[in-house]
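Following: one structure in structure tokens, then a few remarks.
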Amino acid sequence: MLPHSYAVDSLSRSQDLASAILASTTPSQISATCASIDFFLQSHSPDQSRHFFSITFPILICKLFGFDDASSLPPLPPSQKPPSNGWVELASQSSLPDLSSKIFSLLSPNGTLMNSISAVDRHSLVKYVFPVERLPEWVRFMLSNEKYFRVISDLCPFFKGKVKEDAVQGSLCQIQLNVFEYYLFWFAYYPVCKGNSENLDSNSVKRSSKFRLENWTRSIRGFSGSSKREMEQKFEGNLYVQLLYAYLRAFVPIFDLGAHQPYRSSILNYSLKCDGSVIVRAEFLVNVFVHYWLVDNDFSPLPVNVCKSFGVSFPFRSMLGEIPPTSGLGEVVKLFVKYLNLSSVMSTDGFDNIECNESPRWRVSGGFDSGGSRDLVSLSPSVCSVGSWNSWIQRPLYRFILRTFLFSPVGTSMKNTSQVFSVWVSYMEPWTISLDDFAELDVVINGSSKDVRNQETESQNSGYSPVWQAFVLSNFLYYSSLVMHFIGFAHKFLHTDPEVIAQMVLKVISLLTSSKELVDLIKNVDVVFHSKQAVSSKSALNSLYRIVPSIREQLKDWEDGLCESDADGSFLHENWNKDLKLFSDGEDGGQRLLQLFILRAEAELQGGDIAHAHSLQIIDSLKEKVSYLFGGSTVKPIPISPELRQPQHTRDELFKPRRVGNQTSANVTYKGDWMKRPISDDEVAWLAKLLIWLSSWLNESLRLNRPEDNDVGSKWLYVNMPGDAVNLNGSGEIVKTLVCLIGSWLLMMGTTTTRLMRKHGLRINLRVLASKKVVMVLLIFVVFSVLKKACGLFH
């Protein structure tokens, strides 16, 4: 137990540090405060640091990340409210490398702060209650329901031991974390909060805690393409990215380090046991980033079979809706995914030749070894297996990318989509990842430019080879189904920037055709997938039959609930989640859709003000790649003629080019092209979908979707009345006769109108009422009427 004088001194100094942190706004003040924090932690034991982590540390987090409304923090006077830009953002925006270095040194995994956190957690001296409103959205919904929060620890072991009932309000629950977990939760939440705030600033729409209304954004033309060197410079100036890489490198092992220990052939090595704290810490770190960045607002956050095994069914879709992932996460997600994919690279590219003493940057180090040992440890088989971390991110990353392609509204900025596209492409090319990709970050973290790369392993990262077959097969949907969804996205957004969208499509097709072995593998799997179980003459095909059930299960699970609506202008809502269509010969197959895309893109580029030679070169390259992928010599043009547009095939109508050479398409009738077009930013999304459904129901009920039969209605129907005279006695009979007469007249007018609409191909379309202008006028009229009646009653 501490003497009273030491406790008072620790408390008073912690309060002084809290005041200094709140008052630090300039770079010089921030640097001095960082030095004071480091000195305080070095001069106090873990018991004496308890007051620091109870009082000062939450305020430090608030200032680091600039959380204006951190409900978990102590109440602050208005004059001491933290600024909107935290220290991390200030260091990234300023051109002061010393400030960034000071903050990085404070938060470094090998720094004094992290060592103190490790010591405090080792003795369980401090516990925090993390605010529920800062958790991922799907977790918030689970914790708000007593039925679900009791099983969240079983469904997601990530929260095991952390969900506790509120001692004050027994009906509510809370998340209790130690210091390290508390810090990482805020660290992962920071880019999510930043992306949401930027989205609110650009749209001027208040985001509800249960759902987003819709993205009322304007299109920003251009694709954020940058060279590798520009991306490295971007990483160098981003303090958050540097910290993320430092934590991943320090706490998440990527290959079996125990296999490289000295004397590993000795019998003494057999008695070595895996340090469970390393594995638990690594899994915790990966889970935090996965659930905050990739899952978050996904209405199917967990695998379907896991939910079924516990008998749990989540009504998340009705509450979350068709919401795209949080924007602005592409940069951090790309680094996170590339780092985890290094586990696959290490397993396939012969990294056994790298000695640990020559590559200290891949060592599991830091101050978080609860046992006090920082030596290299052997990892468990679950982490040391080939592509171990890959299995952790397969489903969340697939749904993250697919939700971006499906739910990004027309008119939104292409910057976020292009970043997600870059994540997808990087994930599909793990053979291009090398240690050199992280060299610039290593220089920043290590403070030196020592080259620790292995030339032998670098030469192997040239392209796809058969050693990557297992990776491609386990992620086959990324190379097949997701490509089809992206083609639909490309058709949907082609009008925003034809050249950029064409470049993106060319990039994907070039990746698929980068190696003959890769093309053959994808085609063979597609053949096996669509064929019945049978003995083939090719032994290579026979070995692929065993993965078909796994691909079917992945298709059902990874795309659970993800469906293009009738209002998004997509082509997969008719045959959703039934088959892989990339190499299908039908109109909804990949070849036809790519041919149609080439025609549309070529028409858009040639019809512009200036047809650049580079744009036309992109189209030519795309034609060549598509021909190679599907085994044809040339891309056959799709004739635009009425014979090809039959009533049962309306897919081409959804992707009608705005121009076809010099010929206008005004004389071509596309059934429902306006009602099926993507929702624009001047419409209320939910009202548009409701009115589209109501219009479709009325058109089907009145048979307006069917052509008028010339034989029907050509003859008038006559009704023979009785010859006896009818006497109308009394006014009641007269009124009944008049009502029948008026009803017959209205029925005749309705029938005639319906027949004329059917004859001329007209249909009911109530979607125009979903316009924001119309809704605003109706709302003003209703408010005016209510106020008028209220004033009348008052007078």
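The values are calculated or read from the model by the stated rules, or taken from the named source; none is laboratory data. All figures in this text were calculated on a predicted structure; none of them were measured in a lab. Reconstructed Cβ throughout: ideal geometry from the backbone, glycine too, with neighbour counts over all protein chains shown. Just the protein is used for accessible areas: all its heavy atoms, side chains included, with ligands, DNA and RNA removed. Shrake-Rupley method; radii C 1.70, N 1.55, O 1.52, S 1.80 Å.
When residues in region 1-24 are screened for being at pLDDT 90 or above and either within 15 Å of LYS102 (Cβ to Cβ) or not in a helix (DSSP H, G or I) (or both), 3 of them pass.
Conditions (1) part of a helix (DSSP H, G or I); (2) at pLDDT 80 or above; (3) hydrophobic (A, V, I, L, M, F, W, C), marked per residue:
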site: PRO74; (1), (2), (3): no, no, no
site: SER79; (1), (2), (3): yes, no, no
site: PRO82; (1), (2), (3): no, no, no
site: SER92; (1), (2), (3): yes, yes, no
site: LEU99; (1), (2), (3): yes, yes, yes
site: LYS102; (1), (2), (3): yes, yes, no
site: LEU113; (1), (2), (3): yes, yes, yes
site: VAL126; (1), (2), (3): no, yes, yes
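Here SER627, SER615 are screened, and the one residue that is farther than 16 Å from HIS491 by Cβ, at pLDDT 90 or above, open to solvent by less than 40 Å² (accessible area, probe 1.4 Å) and assigned by the TED database to the domain that holds VAL483 is SER627.
Name the one entry in ILE742, ILE764 that is modelled with pLDDT of 80 or more, surrounded by 11 or more Cβ atoms within 10 Å (Cβ to Cβ) and of a type in the set (Val, Ile, Thr). Even if it seems obvious, please write down each step before you answer.
Working: ILE742 fails: surrounded by 11 or more Cβ atoms within 10 Å (Cβ to Cβ).
One residue alone meets the criteria, ILE764.
State whether one or more residues within region 171-183 are loosely packed, with under 13 Cβ neighbours inside 10 Å, modelled with pLDDT of 50 or more and not in a helix (DSSP H, G or I). Steps first, please.
Our first condition is that a residue be loosely packed, with under 13 Cβ neighbours inside 10 Å; within region 171-183, this holds for 171.
So of that shortlist, the ones also modelled with pLDDT of 50 or more come out as 171.
With the extra rule that they be not in a helix (DSSP H, G or I), the set shrinks to 171.
Yes, that holds for at least one residue.
Considered as a group, the residues in region 780-795 that are open to solvent by 100 Å² or more (accessible area, probe 1.4 Å) and closer than 25 Å to LYS689 by Cα include one that is farthest from the chain's Cα centre (by Cα), and that residue is PHE781. For region 417-443, the tally of residues that are buried (at least 20 other Cβ atoms within 10 Å of the Cβ) and among the β-branched types (Val, Ile, Thr) stands at 4.
Any chance region 286-297 includes a residue that's open to solvent by 20 Å² or more (accessible area, probe 1.4 Å) and at pLDDT 90 or above?
yes
Out of the residues in region 489-505 meeting the condition of being open to solvent by 30 Å² or more (accessible area, probe 1.4 Å) and more than 10 Å from ARG600 (Cβ to Cβ), tell me which one is nearest to the chain's Cα centre (by Cα).
As a first pass, look at region 489-505 and keep what is open to solvent by 30 Å² or more (accessible area, probe 1.4 Å): 495, 499, 503.
Filter once more, so that each one left must be more than 10 Å from ARG600 (Cβ to Cβ): 499, 503.
Values: GLU499: 24, GLN503: 21 Å.
It comes out as GLN503.
In summary, helices (runs of 4 or more DSSP H) completely within region 498-599 and bearing 3 or more residues that are over 22 Å from GLN469 (Cα atoms), at pLDDT 85 or above and assigned by the TED database to the domain that holds ALA470 occur at 498-512.
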